[in-house]
Amino acid sequence: MLLGSILLALAWSALSGELSLRNLIEGYLLGYVILALLARGGVMPRNFASRMTSAVKLAGFFLWQIVLANIKVAADVIRPKATIRPAVIALPLDAKSDGEILLLSALINITPGSVTIDLSNDRKTLYVHVMHMETPEESRREIKEGFERRVIELFE
């Protein structure tokens, strides 16, 4: 509940338009009361803290990947000779639910240099276009150990 209260305090400050100690304290107290009431009423899941931790880890990893991908794409634009190695890979999925697959696809699409193309009819394979492929295995490993693992962890 501590992490949730801190995140709600930050959201409160952002929505109020002023990052001050007073707003952070107000947001923290308000968030704590709301989360306590939700937990007491059985509305909030018991594993809320672990989900929040997983969400924060996924968000941090995603932001870092955005930075790295933008640097890689910018470097290709600046270089006189492009080093792109585009390819389409078939990514076997461990993600099963609609939410997991949708979030994974969205994260891939938002990251510069990669685009989700299609999902197989049996929903076990995602086809992804990548801009910088070393090997198909390496590209698969990057997505599976990066985004997919964290998405599945979030939905557990």
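Out of curiosity, is K124 among the basic types (K, R), touching a helix residue (DSSP H, G or I) at 6+ places or on another chain (Cβ under 9 Å) and more than 29 Å from L8 (Cα to Cα)? No, not satisfied. Checking each residue in segment 130-151 for being closer than 10 Å to L58 by Cβ and among the aliphatic types (A, V, I, L, M) picks out only V151. Taken together, the residues in segment 13-33 that are of a type in the set (S, T, Y) and either over 28 Å from the mean Cα position of the chain (by Cα) or not in a helix (DSSP H, G or I) (or both) amount to 1. Within segment 91-148, the set of residues being under 25 Å from V77 (Cα atoms), in a helix (DSSP H, G or I) and either of a type in the set (A, V, I, L, M, F, W, C) or in contact with a Gly (Cβ under 8 Å, 6 or more places away or on another chain) (or both) comprises A106, L107, I108, I110, I143.
Taken together, P86, P112, P92 contain a single residue that is at pLDDT 95 or above and within 22 Å of R141 (Cβ to Cβ), which is P92.
The residue pairs whose first member lies in segment 55-82 and is assigned by TED's automatic domain parsing to the domain that holds L103, whose second member is part of a helix (DSSP H, G or I) and surrounded by 14 or more Cβ atoms within 10 Å (Cβ to Cβ), and whose beta carbons are closer than 9 Å, counting only pairs six or more residues apart or on different chains, are A82/D76.
The values are calculated or read from the model by the stated rules, or taken from the named source; none is laboratory data. Everything numeric in this text was worked out from a predicted model, so none of it was measured. Reconstructed Cβ throughout: ideal geometry from the backbone, glycine too, with neighbour counts over all protein chains shown.
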